[in-house]
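Remarks on the structure that follows.
Laboratory data are not the source of any read-out in this text; all were calculated from the coordinates shown. Note that the structure is predicted; figures quoted are calculated from it, not measured. All Cβ positions, even for glycine, are placed from backbone atoms using ideal geometry, and neighbour counts span all protein chains on display.
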Amino acid sequence: MDKRTVFGFPRTIYNFEDKSPGFLDPWSSLKSSFLRRKIAPDILGVFKKERGELKFDAFFDVKNKFVDPEQIDNRWALVFPKRTYLPPEYPHLQLWLLSENFVPSPKFLSDEELSILGEITEAISNVFRAYAERKMIQGKLAFGFNATPFSFIKNKKGEYYAGGQSVRVFHNHFLLIPKPKKLSVKEEELSLVYPTDFAIDFLDMILRNDGAKTLIGLAEGESIVRGERGMEIRLRAGSKTWGMIKKIDQLLYEWQMMILRAFYRDADQFLEDIGNISRMKEVILSDKESRELIILGKERSWDDLQIMLEKGIVMMEIKNEMRLDQKHENSLLNHLKINQEGKVSSFVFGKEVALRPGMGYGLLAEEENDGLVLKINPLDVLGSKGLIESSGYWFEKKIIKDSYPDWAISIICDLINHLS
């Protein structure tokens with residue numbers, strides 16, 4: 001596998017004095033109280049509905065660096081990320097749902113939460129546009145998230161194992177992406193910016209059939225195409241975007257569970273344990289329980305894997321009223337192997353790479369002309385592959401800053417004016 005040219009830009013790390021807890025324990029981010037402490041110091045304001053209108057409270061009172069449970073009633077916190085994806089002059093903000101419930105991805109959001117999220121997305125997009133025009137900087141408006149039904153955590157050897165959802169509640173990124181540069185990526189890192197053959201064919205099989213198009217509600221003139229890294233859904237501008245994203249997440253979640261069961265002998269017990277944890281308000285596990293939960297990877301034999309995958313696809317076809325092309329199933333099996341270490345693997349430009357248990361996807365919605373392109377790209381390999389990398393962008397370098405950027409203050413002022 002040779003080096004390849006991709007697109008990218010610098011990222012910014014804000015080196016403030018930070019006494020907030022880190023995500024060191026694999027299960028700590030599943031605790032309601034831990035999450036409230038973690039994001040509290042970086043909350044810039046909170047969106048809420050008052051008498052049917054969206055409001056932004058920039059003077060949200062965080063008590064002793066802790067979000068009081070009484071304050072979390074279907075509100076969304078705008079959070080400043082100290083590790084941003086972008087150069088210093090380009091805004092990047094996160095939006096976290098304040099909830100004690102287990103809501104790690106769009107499929108778990110209520111209709112009310114989804115509706116408010118749509119209004120917030122429109123408001124932040126307008127503010128980002130105004131900022132770019134005022135500062136005379138060019139950038140592409142985008143928002144997105146990682147949907148990893150099963151988190152990926154490293155053991156002491158640096159290996160990944162599956163666990164529960166990596167955060168308890170959903171969070172979304174808002175970005176003004178600059179025009180990227182051409183960058184060269186090393187051979188051993190190409191799997192972080194390109195999908196495996198299995199993962200992209202898997203997404204293609206699920207999303208590009210008439211049953212899926214009906215399920216997610218594509219309108220006339222809207223399309224799903226296969227891109228270089230995943231699937232691209234081209235939409236007209238409108239308010240239905242988040243409703244469609246939820247349907248996509250519901251569909252992919254089911255298929256990812258099927259894959260987990262097809263690949264691993266211990267998947268059913270693991271999924272039962274995760275289901276029990278999702279109903280807990282505070283996830284408190286003993287060392288023994290944690291060790292048992294993070295170990296997933298009793299791979300099936302190659303013959304059993306093929307049988308389980310074939311059965312799983314048939315069951316999902318029936319459940320979702322889909323008719324899939326037989327060539328997709330054959331293609332999937334041709335893209336898989338069990339490597340010398342016994343791990344289920346696929347290929348990136350002919351190079352073998354191990355698959356993450358359960359996999360996942362990143363969704364980046366980019367504005368283009370008068371519409372949106374939803375880029376759904378696999379998070380499929382054992383490595384630090386996230387929203388930006390899976391979308392094909394690479395970080396050129398890290399820029400260290402020790403003070404808040406001007407854009408943070410500017411955007412907060414605009415939101416106050418816009419939603420007063």
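Pick from Leu175, Leu218, Leu98: which residue has the top mean-square fluctuation in a GNM of the chain where Cα pairs under 10 Å get a spring?
Among Leu175, Leu218, Leu98, the largest GNM mean-square fluctuation belongs to Leu218.
Between Lys397 and Ser184, how many nm apart are label points set 7 Å from Cα along the C-beta direction?
1.7
Rounded to the nearest 20 Debye, what is the dipole magnitude of the chain about its Cα centre when Lys and Arg each give +1 and Asp and Glu each give -1 at the C-beta? Mind showing how you got there, number by number?
On the way: 60 positive and 62 negative charges, 184 e Å.
Value, rounded to 20: 880 debye.
If amide hydrogens are placed 1.01 Å from N in the peptide plane, which non-local residues have theirs closer than 5 Å to the one on Leu98?
Sorted by chain and number, the residues that satisfy this are Arg75, Trp76, Ala77.
³J(HN,Hα) across the stretch 276-284 via Karplus (A = 6.51, B = -1.76, C = 1.60, θ = phi - 60°), whole Hz, x for Gly/Pro?
Each residue's phi maps through the Karplus curve to give 5, 5, 5, 8, 8, 6, 10, 8, 10 Hz.
Between Ser301 and Ala408, 0.36 nm times their residue separation minus their Cα-Cα distance comes to what?
That works out to 33.3 nm of additional length.
If you average the sequence gap of Cα pairs under 8 Å that are 6 or more apart and divide by the length of the chain, what percent do you get for the contact order? All intermediate terms of the calculation are to be shown ahead of the outcome.
Details: 776 pairs, mean separation 111.0, N = 420.
Result for the chain is 26 percent.
Taking the convex hull of the alpha carbon atoms in the chain, what volume per residue do you get, in Å³?
Details: hull volume 62.4 nm³, N = 420.
Here the figure is 149 Å³ per residue.
Using amide H atoms built 1.01 Å from N in the peptide plane, name the residues 5+ places from Asp266, or on other chains, whose amide H lies under 5 Å from its own.
Gly297, Lys298
Quick one: 3J(HN,Hα) in Hz for the stretch 45-61, Karplus 6.51/-1.76/1.60 with θ = phi - 60°, rounded, Gly and Pro as x.
x, 10, 8, 8, 9, 10, 6, x, 10, 6, 10, 10, 9, 7, 10, 3, 8
Applying a 10 Å radius around every beta-carbon, put 139-147, 304-312, 317-325 in order of their mean neighbour count, most first. Mind dumping the intermediate values first?
Numbers: 139-147: 21.4, 304-312: 16.2, 317-325: 13.1.
Packing proxy ranking, top to bottom: 139-147, 304-312, 317-325.
Using a 10 angstrom cutoff on alpha carbons, build the Gaussian network for the chain and name the most mobile of Asp268, Asp303, Asp61.
Comparing Asp268, Asp303, Asp61 in a Gaussian network model of the chain, the most mobile one is Asp303.
Across the stretch 199-213, in residue order, what do the Karplus-derived ³J(HN,Hα) couplings come to in whole Hz, using 6.51 cos²θ - 1.76 cosθ + 1.60 with θ = phi - 60° and x for Gly and Pro?
Residue by residue, the stretch 199-213 yields 5, 6, 5, 4, 5, 4, 4, 6, 9, 9, 9, 4, x, 5, 4 Hz.
What residue among His171, His328, His92 shows peak mean-square fluctuation when the chain is described by a Gaussian network model with Cα springs under 10 Å?
Result for the chain, Cα springs under 10 Å: His328 fluctuates most.
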